[in-house]
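Visitor: Structure incoming, see below.
FYI, it's all coordinate maths here, none of it is from the lab. Everything numeric here is computed off the predicted structure, so don't read it as measured data. We place every Cβ from the backbone using ideal geometry, glycine too, and count neighbours over all the protein chains shown.
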Amino acid sequence: MSPKMAAHDAPKAGTKKQAANGKVFQVKVTLRDITPPIWRRVLVDGSETLDEVHRVSQAAFGWWNSHLHEFRIGGRDYGVPDPDWDMSQVLDETRYRLDKLAAEGDKFRYVYDFTEAQAGRSVGNRSRRVERIIGFRRSNS
């Protein structure tokens with residue numbers, strides 16, 4: 001869990017986590033087409049699902065989660081499927097873990113606020129790169 005998470009973003013009951021060993025992903029999130037570059041480096045438990053990765057990004061940039069978002073990883077789209085939108089190809093981000101989709105050195109796209117992205121403004125486009133994966137062992141205490 002991210003230490004930046006608000007109490008209302010606590011994990012849902014029944015969320016499965018890795019038992020004793022895990023990996024922490026060091027991810028660099030960069031706003032595209034902005035000079036000077038604006039970026040944040042975050043650490044995310046690899047067992048977290050993409051909805052948690054989204055919340056960590058929101059906290060890192062000080063945003064309020066007031067727009068739709070989507071991840072593009074390995075040619076597939078992940079986000080919040082909405083029956084009112086033509087998002088039939090969007091896979092439910094709450095079902096996919098970061099460590100199952102990305103590896104060290106991988107790059108993927110994260111779009112937040114589709115209206116800004118469609119207008120060609122960079123605030124909607126983020127590039128992410130997994131810079132490093134750090135192994136750790138949870139203590140039993």
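Visitor: From the phi angles alone, apply the Karplus equation (6.51, -1.76, 1.60; θ = phi - 60°) to the range 69-81 and give each ³J(HN,Hα) in whole Hz, x where the residue is Gly or Pro.
Guide: Here the 3J(HN,Hα) series is 8, 7, 9, 10, 10, x, x, 10, 9, 10, x, 10, x Hz.
Visitor: Could you give the length gained by full extension between Thr94 and Lys107, i.e. 0.36 nm per residue of separation minus their alpha carbon distance, to one decimal place?
Guide: 2.7 nm
Visitor: Working out 0.36 nm times the residue gap between Asp82 and Leu43, then minus their Cα-Cα distance, what length gain in nm do you get to one decimal?
Guide: Gain in length upon complete extension: 11.2 nm.
Visitor: Could you list which residues have their amide H under 5 Å from that of Gly22, counting only those 5 or more apart in sequence or on another chain, with H placed in the peptide plane?
Guide: The list, which skips near neighbours in sequence, is Phe136, Arg138.
Visitor: Sort Leu31, Leu43, Leu98 so the one with the fewest other Cβ atoms within 10 Å of its own Cβ comes first.
Guide: Result, fewest neighbours first: Leu43, Leu31, Leu98.
Visitor: Would you order Asp77, Asp92, Asp45 from fewest to most other beta-carbon atoms within 10 Å of each residue's own beta-carbon?
Guide: Listed from fewest to most nearby Cβ atoms, that is Asp92, Asp77, Asp45.
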